[in-house]
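The values are calculated or read from the model by the stated rules, or taken from the named source; none is laboratory data. All values derive from a computational prediction rather than experimental measurement. Glycine also receives a Cβ, built like all others from the backbone with ideal geometry; neighbour counts cover every protein chain displayed. These area figures cover heavy atoms from the full protein model, side chains too; ligands, DNA and RNA do not enter into them. Shrake-Rupley method; radii C 1.70, N 1.55, O 1.52, S 1.80 Å.
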Amino acid sequence: MVAFGKKLKERQIAEWQGYYINYKMMKKKVRQYAQQIEIGTQNRRYVLKDFSRMLDNQIEKIVLFLLEQQGLLASRIAKLGEQQEGLQEQPDISQISELREAYKTVGHDLLKLLYFVEINAIGLRKILKKFDKRLGYQFTDYYIKTRANHPYSQLQQVFKHVGIGAVVGAISRNLGELQDRQGSYLSIYDQPPLPLQDSVIDSMKAAVDRLTYSTNFLNFLAQHALILQEELPDPVDEHVEDQRYHFMSLMLNLANTFLYMVNTYIIVPTADDYALSLGAAATVCGIVIGAMAMAQIFSSVYFSAWSNKSYFRPLVFSSIVLFVGNVMYALAYDLDSVVVLLVGRLFCGLGSARAVNRRYISDCVPLKIRMQASAGFVSASALGMACGPALAGLLQYDFKIYKLTFNQDTLPGWLMAVAWLIYLIWCWISFKEPSLEVEANETPQESNAEPAEGDALENGLKKPLLISSERKEEDEDGDNECEGSDEAPDESRQAATSLRSAYRLLTPSVKVQLLIYFMLKYAMEILLSESSVITTYYFSWSTSSVAIFLACLGLTVLPVNIVVGSYICNMFEDRQILLASEIVVCIGILLSFRVFIPYSVPQYVISGLIMFVSAEVLEGVNLSLLSRVMSSRLSRGTYNGGLLSTEAGTIARVVADSTITLAGYLGDSKLLNVTLLPSLIICISSIIATLCTYNSLY
């Protein structure tokens, strides 16, 4: 893996070389600024002014060239349009074919221009981030805000592409007109768009969609899943991923995600009743629920390592273990054994294949649909979280078959056992194991044969926009690079080989964000896991009432993410939303305390809703920030960023569930306040930590 500066140099179009951002020169300048500030030979105001002037000049150079090329493309399209008008009167099949090829040639040239804009956009973002990192300033915010809407600033020309959109529209329209319409007199505007057979049209539209960042909500959900992507993957990568991708296998991974979340939360409304029926205290439900999370701490690691070699076998193993675990959970009632109950839940946790699900999307789904797949991962999790309690509320039956009891306590286990058995059969029949040898076979060819320029550019434009790549700055062009060199030492590129080495790669701001993730998962687990005990003690709610309450909480996840991803993130900075969400979570926790007697249903429901919704907002924004600032070395390998976040959240759930069980020894009357107190302390600590690192958050 090489540094961005070297990749920029390698992928430049030769005749346009002088119009790219001079990343190497600007990087050296940033290094000089840092040295001058350190020894005191230059003041801050001069550095900011000089660097701003340099950036303005670079952007102006890029924009003027962009406008010039757009004009040339527009002139070529206009001339082709004149030829097309002549063919309307005297159609000639050979001339029509030549005209179509001419339009496609213009389309390929437009792809070159799109890639030019793309690579300059990432260069701009990376140098801004490097400046902030080296000099400790928040220059990026200042520069973007002062140039965003200023009448003389050309910055927006790099990000708003009205001219390019017009060229794409003209090429698409004219190719559509030239398509054989079997004598139709209708215009393309009078009927639904016809599917064009020219791949250049799809490539252009996909590139413009990414360039204009039109999938804002999907991008937000994708970051919520924390499926990190490599920076500027080589053109051969897309071909490799297309070979490894299998739609049904992706669906099986999303189904696994959904079923596991259902399995996690389906027992929450009845766990306290199940514990009582086995002669244990109601608060033992904390350990029953938390046993699954406890086992997941270990399963996440070995599943992540296993996914280096296979995806099919871990999913099969997961299904078998979850089937066994749910059968044991259901049989515990007739065996009258709390031990069997807990072991069953431990088995369910050992079958957690979420690390495999994330890894499959990251490694095997093509970049052009990876964002949608990542959003599907989050949506499947949210839907499972809502469906679990809802199903528990429907399973209000009590009957026996032979010596087996089927009631509200055991039916969740039996239902999930059947579901995992069906999933196992489906997986065995339909899953296609990706070839792990493809990449090894393809890579040598890259060094032996140089791809055609047009193909390389078109393939390059199918990569995700470099918007998502600037978060890899820390290690790709970090402080450890040699003077005058764009390539850092090889050891700084390697993936983390252990949890300890992964932890060492975390910056203070990343550690704070993991603390925030721990806090919100802890608070949410306290709210969800003790809901049955609390509502039974204070309000005498039935299992169905608890299930409805929890299902309603789960159903808020996607609407909240839609609002945040589509609107709020466009109005405020992520760090502002982060801090505000933490404060609202804290308010929700404070409102949940039992201060007044009697404790009322409106107080519990409203405070719980405030806490849960604000925690959901906080989770999305926090993981969005985390995905941008986490080291690129944590985007691959067994000990990746997704694993770290999963471990932080899972440990939080285990601690929360253990707190519920321990607090139960003090009595149900004190359970609520005793479990909320640690949530409040951790929340306040995370707010203080956020304020201390606020300026380093992007």
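Remarks
- Filtered residue count, the stretch 57-79, keeping only those that are closer than 17 Å to residue 107 by Cα, polar (S, T, N, Q) and surrounded by 12 or more Cβ atoms within 10 Å (Cβ to Cβ): 2
- Yes/no for residue 101 being out of contact with any Ser or Thr (no Cβ under 6 Å at 6 or more places or on another chain), modelled with pLDDT under 80 and of a type outside the set (S, T, N, Q): no
- Residue match in the stretch 658-677 (condition: over 22 Å from residue 535 (Cα atoms) and either in contact with a Leu (Cβ under 7 Å, 6 or more places away or on another chain) or open to solvent by 20 Å² or more (accessible area, probe 1.4 Å) (or both)): no
- If the condition is being assigned to a loop (DSSP other than H, G, I, E, B) and either open to solvent by less than 10 Å² (accessible area, probe 1.4 Å) or of a type in the set (Gly, Ala, Ser) (or both), then the stretch 260-281 contributes 266, 267, 268, 269, 270, 279, 280, 281.
- Candidates in the stretch 324-382 are the residues that are open to solvent by less than 10 Å² (accessible area, probe 1.4 Å) and assigned to a loop (DSSP other than H, G, I, E, B); of these, the one that is nearest to residue 650 (Cα to Cα) is 352.
- Test: residue 255 is assigned to a helix (DSSP H, G or I), within 32 Å of the chain's Cα centre (by Cα) and either surrounded by fewer than 24 Cβ atoms within 10 Å (Cβ to Cβ) or without any contact (Cβ under 8 Å) to a residue 40 or more places away in the chain (or both): yes
- Test result for residue 39, open to solvent by less than 90 Å² (accessible area, probe 1.4 Å) and over 18 Å from residue 133 (Cβ atoms): no
- Looking only at the stretch 17-62, residues that are over 32 Å from the mean Cα position of the chain (by Cα) and among the aromatic types (Phe, Trp, Tyr) come to 4 in all.
- Residues within the stretch 580-593 that are buried (at least 20 other Cβ atoms within 10 Å of the Cβ) and either among the aliphatic types (A, V, I, L, M) or not in a helix (DSSP H, G or I) (or both), tallied: 2
- Those residues of the stretch 532-548 which are of a type outside the set (Val, Ile, Thr) and crowded, with 23+ Cβ neighbours inside 10 Å, in sequence order: 532, 547
- Options 535, 543, 556; residue that is of a type in the set (Ser, Thr, Tyr) and under 22 Å from the mean Cα position of the chain (by Cα): 556
- Tally, over the stretch 521-562, of residues that are of a type outside the set (Ser, Thr, Tyr), under 18 Å from residue 594 (Cα atoms) and in contact (Cβ under 8 Å) with a residue 40 or more places away in the chain: 9
- The set of residues from the stretch 304-313 being under 23 Å from residue 379 (Cα atoms) and either at pLDDT 95 or above or open to solvent by 10 Å² or more (accessible area, probe 1.4 Å) (or both) comprises just one member, 312.
- Residue match in the stretch 524-542 (condition: charged (D, E, K, R) and closer than 26 Å to residue 658 by Cα): yes
- Considering 316, 321, 301, 284, the condition of being open to solvent by 10 Å² or more (accessible area, probe 1.4 Å) and free of Cβ contacts under 8 Å to residues at least 60 places away in the same chain is satisfied by 321 alone.
- Here the stretch 304-313 is the region considered, the condition is being outside any helix (DSSP H, G or I) and either free of Cβ contacts under 8 Å to residues at least 24 places away in the same chain or touching a helix residue (DSSP H, G or I) at 6+ places or on another chain (Cβ under 6 Å) (or both), and the residue that is nearest to residue 642 (Cα to Cα) is 307.
- Within the stretch 106-115, one or more residues are at pLDDT 80 or above, open to solvent by less than 30 Å² (accessible area, probe 1.4 Å) and over 32 Å from the mean Cα position of the chain (by Cα).
- Residue pairs meeting the criteria (Cβ under 6 Å; at least 6 apart or on separate chains; first within 16 Å of residue 565 (Cβ to Cβ), in the stretch 594-620; second open to solvent by 20 Å² or more (accessible area, probe 1.4 Å) and polar (S, T, N, Q)): 613/556
- The residues of the stretch 617-657 that are at pLDDT 90 or above and in contact with a helix residue (DSSP H, G or I) (Cβ under 6 Å, 6 or more places away or on another chain), listed by number, are 650, 652, 653, 654, 656, 657.
- When residues of the stretch 609-626 are limited to those that are farther than 13 Å from residue 517 by Cα and crowded, with 23+ Cβ neighbours inside 10 Å, the one nearest to the chain's Cα centre (by Cα): 612
- The single condition among (1) buried (at least 21 other Cβ atoms within 10 Å of the Cβ); (2) in contact with a helix residue (DSSP H, G or I) (Cβ under 6 Å, 6 or more places away or on another chain); (3) within 13 Å of residue 413 (Cα to Cα) that residue 291 does not meet is (3).
- Qualifying residue in the stretch 80-89 (condition: under 38 Å from the mean Cα position of the chain (by Cα) and open to solvent by 30 Å² or more (accessible area, probe 1.4 Å)): no
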